1. Under the definition of Cα pairs under 8 Å and six or more residues apart, what whole-number percent is the relative contact order of the stretch 149-206?
2. Give a residue-ordered list of calculated ³J(HN,Hα) values for the stretch 351-365 (Karplus: 6.51 cos²θ - 1.76 cosθ + 1.60, θ = phi - 60°; whole Hz; x for Gly, Pro).
3. In Å, what Rg and Dmax follow from the Cα atoms of the stretch 199-317?
4. Taking +1 at the Cβ of each Lys and Arg and -1 at the Cβ of each Asp and Glu, which of TRP189, ALA171, VAL202 sits farthest along the dipole of the stretch 128-243 towards its positive end, judged by Cα position relative to the Cα centre?
5. For the stretch 282-439, just the Cα set please: Rg and Dmax, both in angstrom.
6. Tally the DSSP beta bridges in the chain and give the antiparallel ones as a percent, rounded to 5.
7. Report ³J(HN,Hα) in whole Hz for each residue of the stretch 385-394, in order, from the Karplus equation J = 6.51 cos²θ - 1.76 cosθ + 1.60 where θ = phi - 60°; Gly and Pro get x.
8. Dipole of the chain, Cα-centred, from +1 at each Lys and Arg C-beta and -1 at each Asp and Glu C-beta, to the nearest 20 debye?
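The values are calculated or read from the model by the stated rules, or taken from the named source; none is laboratory data. From a predicted model like this one, the values you see are computed outputs, not experimental measurements. So basically every Cβ, Gly included, is an ideal-geometry build from the backbone, and we count neighbours across all protein chains shown. Accessible surface areas use protein heavy atoms only, side chains included; no ligands, DNA or RNA. Shrake-Rupley method; radii C 1.70, N 1.55, O 1.52, S 1.80 Å.
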Amino acid sequence: MPQNKVLIIAYYFPPSGGSGVQRTLKFVKYLRDFGWEPVVLTAQNADYPAYDEELLAEIPRGVKVYKSKIIEPYRLYRKFTGRAQNESADIATLTKDSKTKQKLSERISEFIRSALFVPDARMLWYFFAVSLGKKIIKQEHIQAIYSSAPPYTTHLIARKLALKSGLPWIADFRDSWIGWLSTPQWRPWLSRAIEKRMERNVLRDADKILTVSNGVKNHLLSRHNHLDDNRWEFLPNGFDADDFKDITPVQKDSRITITYTGSLYGNRNPEYLLQALEDIHMSSPQALDNLLFRFVGRVGDPILQRINMSPVNHLFETIPYVTHNTSLSYLLATDYSLLIIDDAPGNEGILTGKIFEYIGAKKPIFALAPEGDATELIKSQNLGYIAHPKNVSEIKNILEKILTSKTTDSNINSENYERRHLTGQLVKVLDTIVKNANE
């Protein structure tokens, strides 16, 4: 039995589904292989965007998972705005059309979110989690603390526990913070000042700071460049080879299939892909008969409406949210994997876990992405095609290549991106901070 114990603080943890849970879950799955015992602190009855009960089976037997009380304001938000109680919070807040945004209840809700929910809507978890965390540290004889964000409240919880206990702490950023895609783009002056202070305190006090891409690091340091030191570590996302072992692909469509897995909403949408397809359809309606796009996951209503109204809607198949394993069965039955990263400030730093899952599936990638970390990886490893997300001409050129070329599976050496290997890199960081704390 491992002697070292690390307290892992994460909001997204099974039965949570979606991409946000995978990184932390896989660390928990493999930490014992390297002599560390994970002890998890998460939220009880959390209001997750998606649920995947199958992921519970991946938590190693005997791993202790503590759950503290949380007050979830999104339940009140849905009731106040008249939205369905089963609607995902991120879909609800990031897919508002112009008519919805004009509603008084929506405007009030958005102001409350921006002005009062600092750093995020999980702020009401803080006191419950800190209280339970103190007990866990004492009871379990914890040697180190690890927190995963977003939500950024997890880092505030970890910081408080680290300061109280004197334990070394790793702050892991899956995304950047202020001004990032999923965070409020506007806050009142005082709220923004408080949030910036929170961000600075986390970056100042963490013993190690992990980021999934250099772009995330640069985005954080753009506001705190005096904190650029040797505490920063690059630890990318990855894929779990075990996930693919017993997956049976769905029935392969006879057409050339391009599959997107995950959520589409807000600025992350296929608008310019649709325009490219419509241009080709207008000049040669039969040219696209051998093409199928599959969107597997949650898609916002405005995007669904745009697809349904398009003259090329027959090229699209949308499959509502499914479990992770089922998502992989669609991915293994595709010819190309579709990546969409919208062209917005800061997005050049996105190196989403989706890319690595595509690598694990060994399918060539069709990327709509701006210059940045993702495009550099795809180019350097020859993983597929890349077009700027707003360049219709480039997208059309790639579509024509796809329609006329023979697809082959990717042969990239993916060992460095496997979750077990990456957990080994995390353990090196854990060993270092514990050694330094004991000297």
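1. Details: 36 pairs, mean separation 23.8, N = 58.
That works out to 41 percent.
2. 10, 4, x, 4, 4, 6, 5, 4, 4, x, 6, 6, 10, x, 9
3. Both quantities, over Cα of the stretch 199-317: 21.1, 60 Å.
4. Of the candidates, TRP189 comes out farthest on the positive side.
5. Reported Rg and Dmax, both Å: 18.8, 71.
6. Numbers: 2 of 51 bridges.
Here the antiparallel bridges make up roughly 5 percent for the chain.
7. Listing the rounded values in order: 9, 9, 10, 4, x, 10, 9, 4, 5, 4 Hz.
8. Details: 56 positive and 50 negative charges, 348 e Å.
Approximately 1680 debye in magnitude.
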